[in-house]
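The values are calculated or read from the model by the stated rules, or taken from the named source; none is laboratory data. These numbers come from a predicted model, not from an experiment. No Cβ is skipped: glycine too gets one built from the backbone with ideal geometry, and neighbour counts run over all protein chains shown. Keep in mind that these areas ignore ligands, DNA and RNA; they rest on the heavy atoms of the full protein, side chains included. Shrake-Rupley method; radii C 1.70, N 1.55, O 1.52, S 1.80 Å.
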Amino acid sequence: MPIRKRGKAYQVDVHVRGMRARQTARTYAEARALEADLRQALIERGRTRPAERSIADALARWLREEAPTLKSHRKFVSHARHLRPFVAGYALTDAPKAAEDMKREMRGALSPATINRRLAILRRILNIAYKRWGWLSEPLGLKIEMLAE
């Protein structure tokens, strides 16, 4: 039940399509009205699509926020720089297709180990975009397969 009595107040907890809203009301009647309002707000938020983000946006944010904390920062920046031309123009949701295209273009020119290092960066960016930033609705990093080395 979305309304629970918590001490002298009523807690309203509404879930709609994986989204959650929680607030407190003083009376049961206020809680019922609040429940309807929260449910409608979540439904409306679900209808509006968020702006489509690109892999390049995620890569830039990762380089700015996450990469400087890594032990071998310079090496990762180099791999990311070489990754940028292959992901330009792809939406974040199209990352698995971008990874397959990148593998196809790099195969033969680079060793499988080098390709895997670049794929690992893309996979890490997708996992962070899903877990921390909330840019993705599903973990697309799991869909990127590495090459046999």
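What 222 nm value per residue comes from the helices of the chain, counting each DSSP H run with n ≥ 4 as -39,500 (n - 2.57) and dividing by all residues, nearest 500 deg cm²/dmol?
It lands at -17500 deg cm²/dmol.
What is the percent carbon and sulfur in the accessible area of the stretch 73-115, measuring with a 1.4 Å probe over the protein chains and ignoring ligands?
Within the stretch 73-115, the accessible surface is 55 percent carbon and sulfur.
Give, to the nearest whole percent, the P(r) tail of the stretch 80-121 beyond 13 angstrom, counting all Cα pairs.
The share of Cα pairs beyond 13 Å in the stretch 80-121 comes to 49 percent.
Assign one of three labels to the stretch 66-149, namely rounded, prolate or oblate, based on the Cα gyration tensor with a ≥ b ≥ c the square roots of its eigenvalues; rounded applies when a/c is under 1.5, prolate when it is not and a/b is larger than b/c, and oblate otherwise.
It is oblate, given that a/c is not under 1.5 and a/b is not larger than b/c.
Give the total of Lys-Lys pairs in the stretch 1-137 with Cα-Cα distances below 28 Å; include a pair only if its members are 8 or more places apart or on different chains.
Total qualifying Lys-Lys pairs in the stretch 1-137 comes to 7.
At 1.4 Å probe radius, can you tell me the per residue accessible area of the stretch 38-102 in Å²? Write down the numbers at each step before the final one.
Numbers: 4100 Å² over 65 residues.
With all protein chains present, the stretch 38-102 gives 63 Å² per residue.
For helix 55-65, report the angle its Cα long axis makes with the longest principal axis of the Cα atoms of the chain; keep it between 0 and 90° and round to the nearest 10°.
That works out to roughly 80 degrees.
Once a ≥ b ≥ c are taken as the square roots of the eigenvalues of the Cα gyration tensor of the stretch 41-103, is the result rounded (a/c under 1.5), prolate (a/b larger than b/c) or oblate (a/b not larger than b/c)?
Verdict is oblate for the stretch 41-103.
What number, in percent, do you get for the relative contact order of the chain if the mean sequence gap of Cα pairs under 8 Å and at least 6 apart is divided by its residue count?
Values: 158 pairs, mean separation 23.9, N = 149.
Answer for the chain is 16 percent.
Please identify every one of the trypsin sites (Lys or Arg not before Pro) in the stretch 1-44 that sits in a loop by DSSP and has no more than 13 other beta carbons within 10 Å of its own beta carbon.
Hits after loop and neighbour filter: K8, R17, R26.
Roughly how tilted is helix 73-87, in degrees to the nearest 10 and between 0 and 90, from the longest Cα axis of the chain?
Relative to the chain, helix 73-87 is tipped by roughly 90 degrees.
Under 1.5 on a/c is rounded, so check that first for the chain, then, if it is not, pick prolate when a/b is larger than b/c and oblate when it is not; a ≥ b ≥ c are the square roots of the alpha carbon gyration tensor eigenvalues.
Prolate shape, in that a/c is at least 1.5 and a/b is the bigger ratio.
Taking the simple approach of a point 7 Å from Cα along Cα-to-Cβ for both I3 and M19, what is their distance in nm?
Those two pseudo-labels are separated by 2.2 nm.
Could you calculate the contour length gain from E66 to D94, that is, 0.36 nm times the residue separation minus the distance between their Cα atoms, to one decimal place in nm?
Here the segment from E66 to D94 would lengthen by 7.9 nm.
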